[in-house]
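Notes follow the structure.
The values are calculated or read from the model by the stated rules, or taken from the named source; none is laboratory data. Model, not experiment: these values are computed from the prediction. Reconstructed Cβ throughout: ideal geometry from the backbone, glycine too, with neighbour counts over all protein chains shown.
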Amino acid sequence: MMRQPRSSCAGLTFIELMVALVILAILGLMSWRGIDSALNSRDHIIVVEHRWQKLSRGFSLVEHNLLQVAERNAYVPAITTNAQPAFKLEKLADGQQRMVFWRMDPEQGSRLTGFRLDGDKLMLLRWAHNVPVVTAEDSVDAEGILDGLHNVRWAALTSSMQWVDTWPPPGQSIGAGLPRGIRIDMDIDNVGHIQRLFALR
């Protein structure tokens, strides 16, 4: 009677098992890196999206207020002989600019409003009782609408299509009326240089 030869073992050898484990470890590491990169990209996108939403809201507030700039006429009464003109763009002692103007308000009829830079924040100014800016500013409500700003510069467009950094232009009285448009230039952290134009008339 002939003896049948035994078949070889179908299992893995120790070396083959180690190779398989190494391959699995490499695949796991690659998967972890891919997931980590995807999560970091998602977080970065969320931060950037949130930043642009804040910028969009801030610029919308600027535009909303400038679109309601009113001429100083029967709708904007003069409070005193030194009352604020319809529109004023001035340089402050710290080298920054402040813009102050009358705008139409659904409740007050007209309201003294403005913008100025405070540190790296653009502030929306609202005078509670329409007090002319020649007085103290303790009645001003200031709201930060944009932050992370640097080198902010306003300019007003004259009727002769010239940009000036003060209004009324040199040599003109407070009755100069409104500029044709407003330009703002600024550098924004993690964004770069931005310029926006707003037509007033």
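Condition first: in a strand (DSSP E or B) and crowded, with 17+ Cβ neighbours inside 10 Å. Now tell me which residues in segment 165-197 satisfy that. Walk me through it before giving the result.
Of all residues in segment 165-197, those in a strand (DSSP E or B) come to 167, 181-188, 192-197.
Of everything in segment 165-197, those that are in a strand (DSSP E or B) and crowded, with 17+ Cβ neighbours inside 10 Å turn out to be W167, G181, I182, I184, M186, I188.
State whether the residues of segment 111-121 include one that is closer than 20 Å to P169 by Cβ, of a type in the set (A, V, I, L, M) and at pLDDT 90 or above.
no
Okay, residues lined up against (1) more than 30 Å from Q195 (Cβ to Cβ); (2) at pLDDT 75 or above; (3) within 52 Å of the chain's Cα centre (by Cα); (4) surrounded by 10 or more Cβ atoms within 10 Å (Cβ to Cβ):
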{"site": "P5", "(1), (2), (3), (4)": "yes, no, no, no"}
{"site": "A10", "(1), (2), (3), (4)": "yes, no, no, no"}
{"site": "T13", "(1), (2), (3), (4)": "yes, yes, no, no"}
{"site": "M18", "(1), (2), (3), (4)": "yes, yes, no, yes"}
{"site": "V22", "(1), (2), (3), (4)": "yes, yes, yes, yes"}
{"site": "M30", "(1), (2), (3), (4)": "yes, yes, yes, yes"}
{"site": "R33", "(1), (2), (3), (4)": "yes, yes, yes, yes"}
{"site": "H44", "(1), (2), (3), (4)": "no, no, yes, yes"}
{"site": "W52", "(1), (2), (3), (4)": "no, yes, yes, yes"}
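Output yes when any residue across segment 128-140 is at pLDDT 80 or above, exposed (fewer than 12 other Cβ atoms within 10 Å of the Cβ) and out of contact with any Ser or Thr (no Cβ under 9 Å at 6 or more places or on another chain), and no when none is.
Of segment 128-140, the ones at pLDDT 80 or above are 140.
Add one more test, that the residue is exposed (fewer than 12 other Cβ atoms within 10 Å of the Cβ), and what stays is none.
Within segment 128-140, none of the residues are at pLDDT 80 or above, exposed (fewer than 12 other Cβ atoms within 10 Å of the Cβ) and out of contact with any Ser or Thr (no Cβ under 9 Å at 6 or more places or on another chain).
Name the single residue, out of those in segment 148-159 being at pLDDT 90 or above and more than 22 Å from G192 (Cβ to Cβ), that is surrounded by the most Cβ atoms within 10 Å (Cβ to Cβ).
The residue in question is A156.
In this structure, does R103 turn out to be touching a strand residue (DSSP E or B) at 6+ places or on another chain (Cβ under 9 Å), under 30 Å from V191 (Cβ atoms) and at pLDDT 85 or above? First the steps, then the outcome.
On the way: touching a strand residue (DSSP E or B) at 6+ places or on another chain (Cβ under 9 Å): yes; under 30 Å from V191 (Cβ atoms): yes; at pLDDT 85 or above: no.
Taking the combined requirement at face value, the residue does not satisfy it.
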